[in-house]
Amino acid sequence: MKNARISVCRDFIVGPVDRRLFGSFIEHLGRAVYGGIYEPEHPEADEQGFRRDVLNLVKNLNIPLVRYPGGNFVSGYRWEDGVGPRENRPRRAELAWRTIEPNWIGTNEFVDWAAKAGAEVMMAVNLGSRGMEEARSLVEYCNFPGGTHWSDLRQSHGWVKPHGIKLWCLGNEMDGPWQIGHKTADEYGRQACETAKAMKWAAPSIELVVCGSANKNMPTFASWEATVLEHTSEQVDYISLHAYYSNADNDIADFLARSLDMDAYIHAVAAACDYIQAKKKSRRQIHLSFDEWNVWYHSHGQDKKIAPWSIAPPQVEDVYTFADALLVGSLLITLLRHADRVKIACLAQLVNVIAPIMTVNGGTAWRQTIYYPFQHASSWGRGTVLQTLIDVPRYDSRHFTDVPGLDAVFVQSETGENMTLFAVNKELQDDMIMTASLNGLGNWRVMEHLVMANNQLDAVNSLDNPDRVTPRRISQAEADGDTLTARLPSLSWNVIRLAKT
Ligand code: AHR
């Protein structure tokens, strides 16, 4: 048995949680769109061809925001291909993922789907093969009420009211040599600056996300951020971060330590933003948009066997294990602990492609293991993040030292009447007795202790066994006034929900 001490205090807060921290992502990639959210022949299809069973699973995730249409895809995308009568839309050779894009779904249909899911769209523009003119035209098409060429075109396509898209990404991973139209930091920075100006002239209330590095291990990481922000920090509102984590070494202690990597990444990008702000003597603080994050490695081998140039092949379909759900839990805790700086985050992605939701074409849809921690955090991780101090035994792993055996964060609800502790016990053998002092926060009772624990780290949910890995309620938490005590099973995701007495 291990012991952990946690301390929170009414006066020490990280900050309010931006609801957009629980965003997700749908790219025209694999079966995310075709066979995922859209399958007109499916028995569950609605009048627009969207699968109702998938929509219901999405709605239960409480996602406020969905990034679209890519990803790598956007860097070769002609948005005009995806609007207007379907019979006139071209089939294109899609170079990012080497498939055929039929353009059955485009901007207008996707905006409708997102509205059905209760989410707003975070729209990415193509700064790879295209530029400012196409980007500002898309803003006009989407957001102008009417009376101009592009907004009249939207109306003629059947969407009379403007979409009012608030949040826009200036391209995707432009530092990556794999990107269509890859650029140096100066080339991209100049283009992003001029595009940002034109987009905001067309729609002054929009917010813009400029591309940071494709990940923290890129050779130009940090200098890319500094250079791009030199060009754009007075025009943009956020800079992007992307990270995918792997357990290819099959080393659970090291895998679960990867939340430290995300933590260091956030610190470094925030520092780059602050450096440029200080250098420019600016009052404008740039916030972070962690608009791609997840576990991704299971499907790498299988993807190499997929022949190019088909429509919606089963690409990037990771089947997630119980161990993956634990790391996703730790990553959510890390994002919450940085709620003062990370305002937007997108679990990448949402359906079939590295996703919490899987489907069979013509068949059922089910929840992967990672669905649950995301759903819990998205449901109860709203309000104010409390500075959560943790005193716990630490361990060293292959790539990390001083890894806390427990990741945890307290979030107080907006009304102040509820509080939730999210915690991952990373100890391989030991349960943990956790004692939390809730200083100055009043007296509490435990409403519910949900736990995901499993003696098989590689357990998965599947078509045949969709509920093998699910959370369950246990009674291992007690509140006595302002002290919470709980027993957290070894290798477990815990959600302890409290109500004020
Ligand atoms: O999410 C899958 C891909 O990962 C995205 O297209 C790209 O932006 C990232 O490299």
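Coordinate-derived values only; no laboratory data. Just so it is clear, the model here is predicted, and its values are computed rather than measured. Note that we place each Cβ from the backbone using ideal geometry, even for glycine, and neighbour counts take in every protein chain shown.
Under the definition of Cα pairs under 8 Å and six or more residues apart, what whole-number percent is the relative contact order of the range 18-380?
The value is 22 percent.
Which of the peptides 151-159, 415-423 is most tightly packed, and how do the rest follow, judged by the mean count of other Cβ atoms within 10 Å per residue?
The most tightly packed comes first, giving 415-423, 151-159.
DSSP loop GluC sites (Glu not before Pro) in the range 215-253 with at most 14 other Cβ atoms within 10 Å of their Cβ, which ones?
Here the GluC sites (Glu not before Pro) that fit, given the DSSP loop and packing criteria, are GLU234.
Across every pair of different alpha-carbon atoms, what Kirkwood hydrodynamic radius in Å does the range 62-110 reach? Provide the component values of the computation, followed by the final result.
Working: mean 1/r = 0.0861 Å⁻¹.
After inverting the mean inverse Cα-Cα distance, the result is 11.6 Å.
For LYS200, list the lysines whose Cα falls under 19 Å from its own Cα; do not include residues on the same chain fewer than 8 positions away.
Cross-link targets: LYS166.
Longer than 20 Å from Cα to Cα, which of LYS183/LYS279; LYS281/LYS343; LYS116/LYS161 are they? Say none if no pair is.
Numbers: LYS183/LYS279 24 Å; LYS281/LYS343 23 Å; LYS116/LYS161 16 Å.
Too far apart for the 20 Å limit: LYS183/LYS279; LYS281/LYS343.
Helix-only mean residue ellipticity at 222 nm, the chain, DSSP H runs n ≥ 4 weighted -39,500 (n - 2.57), per residue, nearest 500. What is it? Write down the numbers at each step before the final one.
Values: 11 runs with 124 residues, N = 501.
Helix-only estimate at 222 nm: -7500 deg cm²/dmol.
Going by how many other beta carbons lie within 10 Å of each one, how would you line up THR384, THR485, THR369, fewest first?
THR485, THR384, THR369
Going by average Cβ neighbours within 10 Å, how do the peptides 101-108, 71-78, 475-482 rank, with the highest at the top? Don't skip to the end; give the middle numbers.
Working: 101-108: 21.8, 71-78: 24.1, 475-482: 14.9.
Packing proxy ranking, top to bottom: 71-78, 101-108, 475-482.
Scan the chain and note any complete DSSP helix (H) whose C-alpha atoms cover at least 20 Å along its axis and whose Kyte-Doolittle average is -1.0 or more.
Details: long enough: 185-202 (25 Å, -0.90); 259-279 (30 Å, 0.37); 322-337 (23 Å, 1.75).
Long hydrophobic helices here: 185-202, 259-279, 322-337.
Write down, largest first, the equivalent ellipsoid semi-axes of the chain in whole Å, where each equals the square root of 5 times an eigenvalue of the alpha-carbon gyration tensor. All intermediate terms of the calculation are to be shown ahead of the outcome.
Numbers: eigenvalues 276, 138, 94 Å².
That gives 37, 26, 22 Å for the three semi-axes.
Please list the non-local residues whose amide H lies under 5 Å from the amide H of ALA45, H modeled 1.01 Å from N, same-chain partners needing a gap of 5 or more.
Correct list: ARG52.
For the range 379-501, what is one quarter of the convex hull surface built on the Cα atoms, given in nm²?
8.8
At ALA499 and SER282, where each label point lies 7 Å from the Cα along Cα→Cβ, what is the point-to-point distance in nanometres?
Spacing of the two 7 Å Cα→Cβ label points: 4.7 nm.
Would you mind ranking ARG258, ARG468, ARG31 so that the residue whose beta carbon has the fewest other beta carbons within 10 Å leads the list?
Ordered from fewest to most neighbouring Cβ atoms within 10 Å, ARG258, ARG468, ARG31 come out as ARG468, ARG258, ARG31.
Considering only the other residues whose Cβ falls under 10 Å of the Cβ of MET419, what net charge follows from Lys and Arg at +1 and Asp and Glu at -1?
In short, +1.
Could you give the dipole magnitude of the chain about its Cα centre, charging the beta-carbon of Lys and Arg +1 and that of Asp and Glu -1, in debye to the nearest 20?
700
What list of ³J(HN,Hα) values in whole Hz, one per residue of the range 240-248 in order, does the Karplus curve 6.51 cos²θ - 1.76 cosθ + 1.60 (θ = phi - 60°) give from phi, with Gly and Pro shown as x?
8, 10, 10, 8, 10, 10, 10, 10, 4
I need the calculated FRET efficiency for the pair ASP482 and ASP430, taking r as the beta carbon distance and R₀ as 25 Å, to the nearest 0.05.
Efficiency computed from Cβ-Cβ geometry: 0.40.
What is the distance in Å between the Cα centres of the range 2-78 and the range 160-185?
When both Cα centres are located, 18 Å separates them.
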